[in-house]
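The values are calculated or read from the model by the stated rules, or taken from the named source; none is laboratory data. Not measured: the values here are computed from a predicted model. All Cβ positions, glycine included, derive from the backbone under ideal geometry; neighbour counts span all protein chains shown. Accessible surface is based on the protein model in full, side chains and every heavy atom, while ligands, DNA and RNA are left aside. Shrake-Rupley method; radii C 1.70, N 1.55, O 1.52, S 1.80 Å.
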Amino acid sequence: MRGRPLLFTDYASEMALVPTWTKRVMLMLLAVLLVLIPLQIIPGLSFLGDSDWMRILSEVLIFAVGALGLHILSGLTGQVSLGHAFFMGVGAYTAAVLGGEVGKATLGFGLPMWIWLPAAGIVAALVGALVAPTAVRVRGIYLAIVTVGLVFIGEWLWRNLVDVTGGSQSGRKFPALDLRVWKEEQPLVSFSTDGPWFGIELSSEAKTYFFLLLLVAVFALVTKNVQRTRTGRSFMAIRDRDVAAEVMGVPEARSKAMSFALSSFYAGVAGALLGAFVSRLIPESFNLFLSVQFLAILLVGGLGTITGTLLGAVFVVTLPRLVQDFSGFLADTAETGSGIASTVANVFVSTGPDDLGIISTAAGNSPGLNVSQFNLVLYGVLLIVFLIFEPLGLYGIWMRVRNYWKGWPFTY
């Protein structure tokens, strides 16, 4: 209603995917922005179209798919899971076996992407459905410990199933992101090679980015629709108060198992995409830290919201690159700068074996943490800070800013 954008006169309007004109306009602008990024025509953001940043943004999109799955399990259903990496491994190696080259040292059937990509999610969902009856019998910290056990079991399996994974030393090659009708030599659509696409010359990184962007849009739309269904409302009822939900007729065990399987499907697809994107992975890639990264995405972005999940994926995946660039800037300032700027930079970075600092940017051994170690510490600090000071994460910060300006000048 004009002048009263949050006044809904029927249930269908309130439950619409994009209920207000402000959200519709912002969504359209965001879509246009995301599409134009690889074309490098946006002033001030043209650097995002470079090949290295294209790969980072593609990784963001892959992690967004997996994070949307964990959002269903933890954000909607309220189940704490640290086993997301296990299901990503299941999906990745399902895709590797079905889509891998025939006649190599590792098992492969050479099937096209339209088979191995959905199959990766389906097999992971079936494994999740098998694990769910055991996992849903516990809750809270006990469920977290059970799912951590899955990661450890997965690491042992991936190391020992050498015919499937290639072993710990070299891993195995994953199928490329090429769309074929069957097993023909020339793919129908190749996302892994440079060339023209709809009359525009695009790099392989840009093609992969567009393909993954389309997948994220589809998965986000499906996730949003799940929230609006009877099943999604049962998930949220269990999250808010599982005993009360069961008393009101919600089948708790079945709903939790369904949530577990659906979350595993997303994880399997994300694992297959990650393997195809990186091209070669060792079994140890699907470890506990990968699960912690997805948990950090939800907590930093905003637990229980799709917008927060996507914001968290952008923040967590781009953080290492931002830390690396900022560390390089501080190192240059420490070596070539002067005055207060150089003094402050020297406190934070270590550029040699005799230089004390928090982050080490030297090639050899030097005091301080390297960028990878500093990222691990930073993840822990961010989780603590957001849990204590902003439980709703980046989405909560956005809500505060939005509500401040919506109520202006009465912002108290």
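What to note about this one:
- Taking the chain as a Gaussian network of alpha-carbon nodes connected by springs under 10 Å, the highest mean-square fluctuation of the residues 335, 101, 284 belongs to 335.
- Using the average count of surrounding beta-carbon atoms within 10 Å as a protection proxy, the listed peptides 309-319, 33-43 rank, highest first, as 309-319, 33-43.
- In the context of the full set of protein chains, residues of segment 144-205 present 60 Å² of accessible surface per residue (probe radius 1.4 Å, heavy atoms only).
- Averaged per residue, segment 89-141 has 46 square angstrom of accessible surface, using a 1.4 angstrom probe with ligands and nucleic acids left out.
- Spin-label pair residue 336-residue 160: with each label point 7 Å from Cα along the Cα-Cβ axis, the two points sit 5.5 nm from one another.
- 10 Å Cβ shell holding at most 12 others, DSSP loop, trypsin sites (Lys or Arg not before Pro): longest site-free stretch of the chain: 184-412
- With all protein chains modelled, accessible area of residue 52 [1.4 Å, Å²]: 60 Å²
- Accessible carbon and sulfur surface of the chain relative to its total accessible area, %, 1.4 Å: 67 percent
- Within segment 122-223, chymotrypsin sites (Phe, Trp or Tyr not before Pro) in DSSP loop having at most 13 other beta-carbon neighbours inside 10 Å: 182, 198
- Seen from residue 194, the other residues with C-beta closer than 10 Å to its C-beta sum to a net charge of -1, counting Lys and Arg as +1 and Asp and Glu as -1.
- Overall dimensions of segment 124-185 as given by Cα atoms, namely Rg and Dmax in Å: 16.8, 50
- Over the chain, DSSP H runs of length four or greater, each weighted -39,500 (n - 2.57), average out per residue to a 222 nm ellipticity of -21500 deg cm²/dmol.
- Amide H to amide H distances under 5 Å link residue 359 with 349, 350, 369, where only residues 5 or more positions off or on other chains count and H is placed in the peptide plane.
- With all protein chains kept in place, the per residue accessible area of segment 275-412 amounts to 55 square angstrom at a probe of 1.4 angstrom.
- Note on the chain: Cα-Cα pairs beyond 31 Å make up 46% of the total pair count.
- Reduced Cα scattering model of segment 29-73, Debye log10 I(q)/I(0), q = 0.14, 0.30 Å⁻¹: -0.40, -1.02
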